[in-house]
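Below is one structure, written out as structure tokens; the observations come after it.
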Amino acid sequence: MQSTAAANRKSKLSYKFYKQRYLLIMSVPFLVWIFIFCFGPISGWLMAFQDFNPNKGIFGSPWVGLKHFIALFSSKQILLVMRNTVVISVLGILTGNICPLVFALSLNEVKNAPFKRTIQTISYLPHFVSFVVVANIFLTVFSVDGVFNTVMINLGLISNPTQVWADKNSFWGMITFVNVWKEIGWNSIIYLAAIASIDMEQYEAATIDGCGRFSRMWYITIPSILPMAMILWILSMGDIFNAGFDASYLLGNPVTRETSEVIDTYVFRIGIENGMFSFSTAVTLFKIFAGFIMVFITNSIAKKHTEHSLW
Amino acid sequence: MKKIRKWEAFDIINACVLVAIAFTMAYPFINILAISLNDAMDTQRGGIYFLPRKFTLESYAVILKTPSLVNATFVTLQRTIIGTALTVFCSSMFAYVFTFKNYILYRPMKWIFFAAMFFGGGGIIPTYMLYKNIGILDNFAVYVVPSIINLFFVLVIRTYFMQLPSGLTESAMLDGANELVIFFKIVFPLSAPIIAYITLNAAVYQWNSWQDTLFYTNGGSLKSLQYVMMEVMLKSEATKMLSREMMRLRQMGIRNMVDPKSVRMAITVLVTAPILCIYPFLQKYYQGYNDRLNERLIL
């Protein structure tokens, strides 16, 4: 009896497989793709624990345990790179969440719809162009013969043209400005959508109670979009070791390297340009896990002190 | 009365601030366009703001006459067309498989999918090694194969497919059509708006890419327009090479002096113009989808 039931179940399963054969055919290439391109690089993490030699491959290279991680934590250069990364990304997270919010609040106060739409349309434009174009724009505008210097000299604010991109002290400020410039319009969309979903009756009631424009903004708009802002903030904490390759690579130069080098550009330089595969993989691994830990920490803090968290 | 006047003052200041912000967004593009259309010698005197002083198309002519730049334009077009077609087709097919909740592999595939979304990838060095092992390093395939599926697009497309009326596919199923046929004949044609949205997104991604050229190729004939622009901008050798190319052109009879900077501006205009052209369409689709998407995925 039992064997026939099992056989029955088996034939049922194979019948199901047969019936869904087209779906199976359709999923095979994608599963192959996912295993190669999403999970494939993870096996490369093993390189961090080896003295990897490309000619010998992962199986032939000698294992060295935590050597590269010890080297990583005792390296002075890494400390500098880490500092730059954290400073640039913290500035980015702060401005990247606050500026779009303020921009959205300001846009929301505009009553003239075509004017509002025009401003919004222009403001997302930089989001769609590549960082190469953005870097080119800022290198040109702030170059010695660029618009910035010409205008400043004509206004009498400076007497000699300044080389903005050759000044290592202004790099963090400039890069933050560039990032805000590129993404402010785009990132404000989500806040505008959240503001649009607030119940209008709340505003009407507040107006009847004698609330002015600013108190309505303070007591209704901001508290209503705070939960979402919180979630965006938690999500962005995972990027605290991710200051972005493009900005530092394209706008930094040997003169500003002391403040412009971040983890991603450092990994590229030592890994691909100098062939230190194992050490740069160790740096990458450290970055990925530190990012995970940051998300967990922020999430638990947010859970403890507010009602908003990811899980 | 007094209160209302204060509000009006706020409105005016607010509008002025917004106009100033929009101006800083739009102005650099105007400035770049003006420089690219201005005579290179004249530009060095400074003071080009809105309009070119000595109008010339010489910088654009140089692009057309420099073989490496023509090749880069072809590479960019090629990867944009092939890459976008593959991404749209494969991602939507994968999304379609994901709409069958009674599919035997639905649950395992869902787990694999989310694992790939959160843990997938793993730094440029492991990726470099992987590409080397599977032999797509320094090959055109490196531009299009790793991006054939975009997991985020899959989620977006699936959401759209799920809301199509199920009666359509069911009746086709009763008529004996298999899933593959239903996908090509019914689901794909009915999803034009989402397909358009994904196509535009994927095309912008391919058009703007330059990092993969830097990480995973040795340059050569695989350089894209964005990459060449980056090289001219950052690397003095590239600038020297371009200068040599221009010297050669000058000897061939082009009289006007053109410098690498104005060519750089002309390339910038060339790579930005198509984005500006599709921008109204992007806008149209974004307005609707983004609001809905944000609600679904984040809220």
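Worth a mention:
- Cα→Cβ-extended label distance, 7 Å offset, between A:Tyr22 and B:Ser68, nm: 5.2
- Range of Cα positions in region B:14-141 per principal axis (Å), largest first: 69, 49, 28
- When only Cα pairs below 8 angstrom with a gap of at least 6 residues are kept, region B:57-297 shows a relative contact order of 33 percent.
- The alpha-carbon atoms of region A:77-169, seen along their principal axes, cover 47, 41, 25 angstrom, with the largest extent given first.
- Whole-Å distance, taken between Cα centres, linking region B:11-32 and region A:113-129: 10
- Structure remark: mean-square fluctuation, Gaussian network model of chain A, C-alpha springs under 10 Å; the largest value among A:Val262, A:Val178, A:Val133 belongs to A:Val133.
- One quarter of the surface of the convex hull around the alpha-carbon atoms of the protein assembly as shown equals 37.1 nm², the direction-averaged projected area.
- Put in line by how crowded their Cβ is, counting other Cβ atoms within 10 Å and starting with the fewest, B:Tyr106, A:Tyr219 read A:Tyr219, B:Tyr106.
- Using a Gaussian network model of chain A in which every pair of alpha carbons under 10 angstrom is joined by a spring, one finds that among A:Met82, A:Met47, A:Met217 the greatest mean-square fluctuation is at A:Met217.
- Whether region B:57-297 is rounded, prolate or oblate, judged on the alpha carbon gyration tensor where a/c under 1.5 counts as rounded: prolate
- Here the ratio of the Cα radius of gyration of region B:175-233 to 2.2 N^0.38 Å is 1.80.
- As an equivalent ellipsoid, chain A spans semi-axes of 43, 36, 20 angstrom, where each value is the square root of five times an eigenvalue of the C-alpha gyration tensor, largest first.
- Distance (nanometres) between label positions extended 7 Å along Cα→Cβ at A:Ser159 and A:Asp239: 4.3
A short reminder: the numbers here are calculations on the coordinates, not readings from a lab. It should be emphasised that the depicted structure is a prediction, and the values quoted were computed from it without experimental measurement. Glycine also receives a Cβ, built like all others from the backbone with ideal geometry; neighbour counts cover every protein chain displayed.
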